[in-house]
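Taking it in order: structure first as structure tokens, then the write-up.
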Amino acid sequence: MSTLKNYMMIFRYSPNPEYQPTEADLSEQRQAWGAFIGNIAIQEKLDSTHQLGFEGIQIAADTSTQEGIHISDGYTMGGNMIVKAQSMEEAVTMAKGCPILHMGGTVEVRDIIPMES
């Protein structure tokens with residue numbers, strides 16, 4: 001049996017301040033995310049997951065700050081998930097079930113390089 005490695009899924013979406021989801025929309029989204037995350041957890045392949053908030057401060061190399069979240073090419077990062085998989089291909093297969101894809105967002109799967117102490 002091969003050793004599982006950690007991979008990070010990075011979730012991006014295009015913010016739309018004009019879109020105000022209904023309670024039904026929010027409930028449907030929560031259920032979809034719960035099923036997606038739960039399926040990975042049941043397989044014992046979930047390490048961690050985080051949803052990012054909508055407030056932030058960006059710090060530049062000269063240490064100046066700017067309020068707001070970073071948006072590039074119309075997308076911002078909405079969260080991440082670290083999963084255990086035998087290969088990049090397996091992690092990509094898991095990511096293809098992500099609800100953000102049905103909302104027009106994207107998932108980037110990256111390998112994780114352990115930091116040496």
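Every read-out reported here was derived from the displayed coordinates using simple, explicitly stated rules and does not represent laboratory data. Keep in mind that this is a model prediction, so the values were computed, not measured. Cβ sites come from the backbone with ideal geometry, for glycine too, and all protein chains shown count toward neighbours.
In the set Ile40, Ile10, which member is under 14 Å from Glu90 (Cα atoms) and among the β-branched types (Val, Ile, Thr)?
Ile40
Regarding Ile82, is this residue without any contact (Cβ under 8 Å) to a residue 24 or more places away in the chain and among the aliphatic types (A, V, I, L, M)? Before you say what the answer is, go through the steps one by one.
Values: without any contact (Cβ under 8 Å) to a residue 24 or more places away in the chain: no; among the aliphatic types (A, V, I, L, M): yes.
No.
So, Glu44, is that one among the acidic types (Asp, Glu) and either within 13 Å of the chain's Cα centre (by Cα) or closer than 22 Å to Glu28 by Cα (or both) or not?
no
Would you confirm, using the coordinates I've provided, whether Ala41 is in a helix (DSSP H, G or I), closer than 21 Å to Ser2 by Cα and either in contact with a strand residue (DSSP E or B) (Cβ under 7 Å, 6 or more places away or on another chain) or among the hydrophobic types (A, V, I, L, M, F, W, C) (or both)?
Yes: the conditions hold for Ala41.
Do we find a residue being among the aliphatic types (A, V, I, L, M), touching a Lys or Arg at 6+ places or on another chain (Cβ under 9 Å) and either part of a strand (DSSP E or B) or exposed (fewer than 12 other Cβ atoms within 10 Å of the Cβ) (or both) anywhere in the stretch 18-36?
No - not one qualifying residue is present in the stretch 18-36.
Please note which strands (runs of 3 or more DSSP E) are completely contained in the stretch 56-117 and include at least 1 residues that are loosely packed, with under 14 Cβ neighbours inside 10 Å, of a type in the set (A, V, I, L, M, F, W, C) and more than 13 Å from the chain's Cα centre (by Cα).
57-59
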